[in-house]
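Working notes, structure below.
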Amino acid sequence: MKPRVVVTRNIPAESLELLTPHFDVDYRERSTPIPRRELLRRVKNARGLLCLLTERVNGELLDAAPELRIVSTFSVGLDHVDVPECTRRGVLVTHTPGVLTETCADFTWALILSVARRIVEGDRMMRAGKYKGWDPLMLLGADVHNKTLGILGFGRIGQAVARRAGGFDMRVLYSDVRQAPGAVERDLHATFVDTETLLKESDFVCLHTVLDQTTYHLLDERRLRMMKKTAYLINGARGPIIDEGALVKALKGGWIRGAALDVYENEPKMAAGLAALPNAVLIPHLASATLETRGSMGRLAAGSIADYLAFGRAPSNAVNPQVARSASAA
Ligand code: GLV
């Protein structure tokens, strides 16, 4: 009998083809998140789980899936997966780093330009038939070139965002738990500063940190008040890094000029009042959403399961590779 692999949602067809020759694939071909009870029922005899960032992989799920050997998430973010608990139970965890870096960095720039140059408001005006001809004072935005870009979280995506800033002649500041090597700083013309300095000096503050206990509500009322009144906040990382209620107050009260969000604190919901604010660009979590990148993510996510369960190879994108080492030693 082939081992069972559960796939919780629609994924690109070519990634499914990496699984079907080797496994009995329980494919839930739907575009809505799987209800929790259904997920717990379906993983019962599963050896592999291909899941998304909308599914919490915790002790409860692992209890329901005693035969599980690999969780492969179709995302780079891992905040929905209790990795230490998976490790304790000998379950390998893989994700999709690298393949979405450039696509997500492109998208951060789309957010920066949209909010600074009021692209979405202009589009709405045209569609509403409200454009009455060129007006020197209409929808005035802010220049992006020659400004200061602050990147909070200087990992793969943060650095790819910094690289693109060269084309806009910007000064680049970054903060992170550790300073990047000198060669990276020189290459990207980026200066390491503390978070407070970054917030006080940047015209565009872009979030690219992981979400964990140290970054939850990193942008709270106190820190939002540190930003320039003319600054913009861009979030392409995870919603709970910003206290969304405080952000609504900041946007309404003019503590900052605008925000562009791809992620939300209680996704897919938004904080009360956010949707009514013209100085917010609101996007439904699309940063990695290109045909090419979603294809690559799917192949990586499915290929990791095939590598591990069908070919006995430890995938290089595992975050707890010690699990694979002790499984092969056993
Ligand atoms: C998307 O947010 C991801 O983590 O890949």
Give me the base-10 log of I(q)/I(0) for the chain at each q in 0.14 Å⁻¹, Debye formula, one uniform scatterer per Cα, rounded to two decimals. -1.10
Efficiency by 1/(1 + (r/R0)^6): what FRET value for residue 32 and residue 275, r their Cβ-Cβ distance, R0 = 22 Å, to the nearest 0.05? 0.55
Percentage relative contact order, segment 101-282, counting C-alpha pairs under 8 Å, at least six apart: 20 percent
Going by how many other Cβ atoms sit within 10 Å of their own, how do 262, 123 line up, fewest first? 123, 262
If you find the alpha carbon centre of segment 293-330 and of segment 98-125, how far apart are they in angstrom? 33 Å
Run the quick spin-label model on residue 267 and residue 290: label points 7 Å from Cα toward the beta carbon, then report their separation in nm to one decimal. 1.9 nm
Measuring from the longest principal axis of the C-alpha atoms of the chain, the long axis of helix 156-165 (C-alpha) lies at a number of degrees, nearest 10, equal to 30 degrees
Relative to the present Cα-Cα distance, how much length would full extension add between residue 156 and residue 221 at 0.36 nm per residue of separation? 20.6 nm
What number, rounded to the nearest 500 deg cm²/dmol, is the helix-based mean residue ellipticity at 222 nm of the chain, given -39500 (n - 2.57) per DSSP H run of at least four residues and division by all its residues? -9500 deg cm²/dmol
With θ taken as phi - 60° and the coefficients 6.51, -1.76 and 1.60, list the Karplus ³J(HN,Hα) couplings across segment 280-287 in order, rounded to whole Hz; mark glycine and proline as x. 10, 9, 10, 10, x, 6, 10, 3
List nothing, just return the count: lysine pairs in the chain, 8 or more apart or interchain, with Cα separation under 27 Å. 18
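Bear in mind these aren't lab numbers, they're just calculated from the coordinates by the rules spelled out. Since the model is a prediction, treat every value here as computed from it, not as a measurement. Glycine also receives a Cβ, built like all others from the backbone with ideal geometry; neighbour counts cover every protein chain displayed.
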